[in-house]
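Peer 1: Submitted below is the structure of interest, expressed as structure tokens.
Computed from the coordinates by the stated procedures, all read-outs in this text should not be read as laboratory data. Everything numeric in this text was worked out from a predicted model, so none of it was measured. Cβ sites come from the backbone with ideal geometry, for glycine too, and all protein chains shown count toward neighbours.
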């Protein structure tokens, strides 16, 4: 009887280890902040059934100055990382220093929201080709109601400082279509500091 239980325990441990995904191929050049990469991969692994599109994951690192390419898009197959500029909300940076210091989930706050998002459908709206986002965290649960979307913006250009949005993660005009087409329809996004 004891042998059977030892065998069963050994089998269960082996089975659970084989189910754990190997993410060692991701970010081969170590471009992504490790703390944020670990956080999104933990969520990704735990909530796989809620993530329809597992081809990409994205991280917005709001601890960085907005002149830095702080949107990281990670190809889950190749492991390669692409980096882009991304704006934060006007009232997240009230003194326009280039750093986001305040965050909110409140309608009309004009602030960015932290947390996990799921990309939704793309559409053509007032800002052109855009991507709706659904908040998965308490800190961004009003994203759709607030109209927090990825869209292009003339004020997102390389330089010492980029402009601010009304809370949306706005993108450079030259890359926005490519980015939206890559990550639309159910990829996981983390906005954090």
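Peer 1: So is residue 159 exposed (fewer than 15 other Cβ atoms within 10 Å of the Cβ) and more than 24 Å from residue 68 (Cβ to Cβ) or not?
Peer 2: Taking the combined requirement at face value, the residue does not satisfy it.
Let's see how each residue does on (1) surrounded by fewer than 20 Cβ atoms within 10 Å (Cβ to Cβ); (2) in contact with a helix residue (DSSP H, G or I) (Cβ under 6 Å, 6 or more places away or on another chain); (3) over 14 Å from residue 65 (Cα atoms):
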{"site": "100", "(1), (2), (3)": "no, yes, no"}
{"site": "106", "(1), (2), (3)": "yes, no, yes"}
{"site": "129", "(1), (2), (3)": "yes, yes, yes"}
{"site": "134", "(1), (2), (3)": "yes, yes, yes"}
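Peer 1: Checking residue 79 against (1) in contact with a helix residue (DSSP H, G or I) (Cβ under 9 Å, 6 or more places away or on another chain); (2) exposed (fewer than 15 other Cβ atoms within 10 Å of the Cβ), which test does it fail?
Peer 2: Condition not satisfied by residue 79: (1).
Peer 1: Kindly indicate whether residue 115 is surrounded by 17 or more Cβ atoms within 10 Å (Cβ to Cβ), on the phi > 0 side of the Ramachandran plot and under 18 Å from the mean Cα position of the chain (by Cα).
Peer 2: Judged against the criteria, residue 115 is a match.
Peer 1: For the condition under 20 Å from residue 59 (Cβ atoms), within 16 Å of the chain's Cα centre (by Cα) and without any contact (Cβ under 8 Å) to a residue 40 or more places away in the chain, what is the one hit in 139, 101?
Peer 2: Within the list 139, 101, the selection yields 139.
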